[in-house]
Each structure stands twice: as C-alpha cells, then as structure tokens.
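Working notes, beginning with the structure itself.
The values are calculated or read from the model by the stated rules, or taken from the named source; none is laboratory data. Everything numeric here is computed off the predicted structure, so don't read it as measured data. Here Cβ is always computed from backbone atoms with ideal geometry, including for glycine, and neighbour counts include all displayed protein chains. Note: accessible area is taken over every heavy atom of the protein model, side chains too, but ligands, DNA and RNA are not part of it. Shrake-Rupley method; radii C 1.70, N 1.55, O 1.52, S 1.80 Å.
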Amino acid sequence: MAFDYSKLRGRIIEKFGSQMSFAEAMDISERTLSLKLSGKRMWKQSEICLAINLLGLSDDDIKEYFFVLKVQMI
C-alpha cells in the first residue's frame, strides 16, 4: 500500500520554503524526510503530530495529508 504525499510536499514548501528547512524543524535528516515522502519509510505517530503542528494543520487534516492512497495504473 503506497500513499500519495504530494499535498504534504506542497504544504512543506509553502510553509518552510524547502524540505531541508522542514527536516531541521522536525529534527530529522533531509534523507530521512525524503525516504518518508517517497514511501520507503513509515511515519511514526509522534512525527505526524509534530508535522501537523509545524505546518499549521489540524487533526482533521491528517487523513488528507498522510493517508491518501496512490492510484496505481494497471
């Protein structure tokens, strides 16, 4: 199961200007963030909570930013 983080990527750029700045605010490496955004590493609940706080989102936004399934073409 793969998730689509395109909306999350857009919000990161909108609020922080770069993934690097957001990774620093999250206290993770840019590489770790990249792995999470590409679906190669899973987000921890604590990371999701911190991310929505840093990005100025609400708990109601979690689903649309972290749990949208990627549409796979057959």
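Would you grab the residues whose amide H sits under 5 Å from the one on PHE3? Only those 5+ places off in sequence or on another chain, please, with H modelled 1.01 Å from N.
Long-range HN contacts for PHE3: LYS70.
Accessible surface of ILE52 in the full protein assembly, 1.4 angstrom probe, to the nearest 10 Å²?
Number for this one is 10 Å².
Apply the Karplus parameterisation 6.51 cos²θ - 1.76 cosθ + 1.60, with θ equal to phi minus 60°, to every residue of region 33-38 and state each ³J(HN,Hα) to the nearest whole Hz, in sequence, with x for glycine and proline.
4, 4, 5, 5, 6, 9
What FRET efficiency, computed as 1/(1 + (r/R0)^6) with R0 = 22 Å and r the Cβ-Cβ distance, is obtained for ASP27 and SER58, rounded to the nearest 0.05? Walk me through the intermediate numbers first.
Working: r = 22 Å, r/R0 = 1.00.
Efficiency at R0 = 22 Å is approximately 0.50.
Tell me the relative contact order for the chain as a rounded percent, counting alpha carbon contacts under 8 Å between residues six or more apart.
For the chain, the relative contact order is 45 percent.
Using a 1.4 Å probe on the protein chains only, how many percent of the accessible area of region 1-70 belongs to carbon and sulfur?
Details: 2180 of 4420 Å².
So the carbon and sulfur contribution to the accessible surface is 49 percent.
Quick check: convex hull of the Cα atoms in the chain, volume per residue, rounded to a whole Å³? Let's see the in-between values first.
Values: hull volume 6.5 nm³, N = 74.
That works out to 88 Å³ per residue.
Output the 0 to 90 degree angle, nearest 10, between the alpha-carbon long axis of helix 45-54 and the longest principal axis computed from the alpha carbons of the chain.
Once rounded, one gets 60 degrees.
When the Karplus curve 6.51 cos²θ - 1.76 cosθ + 1.60 is applied with θ = phi - 60°, which whole-Hz ³J(HN,Hα) does each residue of region 3-13 get, with x for Gly and Pro?
So the J values, rounded to whole Hz, are 10, 9, 9, 4, 5, 5, 4, x, 5, 4, 5.
Taking only protein heavy atoms and a 1.4 Å probe, what accessible area per residue, in Å², does region 5-74 have with all protein chains in place?
With all protein chains present, region 5-74 gives 68 Å² per residue.
With each run of n ≥ 4 DSSP H residues scored as -39500 (n - 2.57), what mean residue ellipticity at 222 nm is computed for the chain after dividing by its residue count and rounding to the nearest 500 deg cm²/dmol?
That calculation yields -15500 deg cm²/dmol at 222 nm.
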